[in-house]
Amino acid sequence: EWLFRSLDAGHPEPERTVADWVSVYEDKGKLPAARALLEKAIQKFPENEPFARELSLLKFKRWRDCSGALESLSRFEARTSDTDTLNALALFQTCLGRRSEAISLFERSLALNRNQPAVVQSLNMVRSEKSGEN
């Protein structure tokens with residue numbers, strides 16, 4: 001509760017502060033606490049894309065909840081210019097078997113920043129898997 005009072009009062013770098021707390025909870029194996037913290041952060045700051053992305057990644061990494069991860073972040077897809085968000089969305093789409101959507105998102109991310117070797121590799125893998133479907 002004190003953390004959110006601090007954020008409401010104008011604490012600098014709220015994303016980093018929440019991410020640090022989430023990391024501590026994850027390190028201690030307190031995943032429900034990490035999830036609850038992120039859900040409360042999103043409730044208080046619904047337009048905060050980094051909070052939504054962190055929750056989505058937690059859902060994906062810890063619970064393999066591809067649908068839930070996509071649902072938590074997809075509302076930012078149309079307006080984002082953040083490559084981390086686009087890459088996360090592409091990952092979730094890949095997990096759900098939606099290769100065309102993943103390819104589109106990876107390509108959009110690379111259009112913003114070509115210097116992403118891991119994304120180039122992921123895009124090539126998704127493309128090769130897609131061509132193998134024929």
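The values are calculated or read from the model by the stated rules, or taken from the named source; none is laboratory data. Fair warning: this is a prediction, and the values are worked out from it, not measured in the lab. Positions of Cβ are generated from backbone atoms using ideal geometry, with glycine treated the same way; all protein chains shown enter the neighbour counts. Note: areas computed on protein heavy atoms with side chains; ligands, DNA, RNA excluded. Shrake-Rupley method; radii C 1.70, N 1.55, O 1.52, S 1.80 Å.
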field: Positions within segment 1-30 being of a type outside the set (Asp, Glu), open to solvent by 40 Å² or more (accessible area, probe 1.4 Å), at pLDDT 90 or above and outside any loop (DSSP other than H, G, I, E, B), in sequence order
entry: Trp21, Ser23, Val24, Tyr25
message: Given the condition open to solvent by less than 80 Å² (accessible area, probe 1.4 Å), at pLDDT 95 or above, in contact with a Cys (Cβ under 7 Å, 6 or more places away or on another chain) and not polar (S, T, N, Q), answer yes or no: does some residue in segment 47-55 qualify?
response: no
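Among the listed residues Ala52, Ala19, Ala34, identify the single one that is among the hydrophobic types (A, V, I, L, M, F, W, C) and farther than 21 Å from Cys95 by Cβ.
Ala19
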query: Would you say Ser67 is within 29 Å of Tyr25 (Cβ to Cβ), open to solvent by less than 50 Å² (accessible area, probe 1.4 Å) and either without any contact (Cβ under 8 Å) to a residue 40 or more places away in the chain or of a type in the set (Val, Ile, Thr) (or both)?
result: no
task: Assess whether Glu26 counts as being over 19 Å from Phe4 (Cβ atoms) and of a type in the set (Asp, Glu).
output: yes
message: Based on this model, can you work out whether Lys130 counts as in contact with a Ser or Thr (Cβ under 8 Å, 6 or more places away or on another chain) and modelled with pLDDT under 95?
response: yes
message: If I filter segment 115-131 for residues that are farther than 21 Å from Glu49 by Cβ, part of a loop (DSSP other than H, G, I, E, B) and either touching a helix residue (DSSP H, G or I) at 6+ places or on another chain (Cβ under 6 Å) or open to solvent by 80 Å² or more (accessible area, probe 1.4 Å) (or both), do I get at least one hit?
response: yes
query: Is at least one residue of segment 81-98 open to solvent by 60 Å² or more (accessible area, probe 1.4 Å), of a type in the set (Ser, Thr, Tyr) and under 24 Å from Val119 (Cβ atoms)?
result: yes
message: Give all pairs with beta carbons closer than 7 Å in which a residue from segment 26-44 that is in contact (Cβ under 8 Å) with a residue 24 or more places away in the chain meets a residue that is part of a helix (DSSP H, G or I) and acidic (Asp, Glu); count only pairs at least 6 apart in sequence or on separate chains.
response: Ala34/Glu26
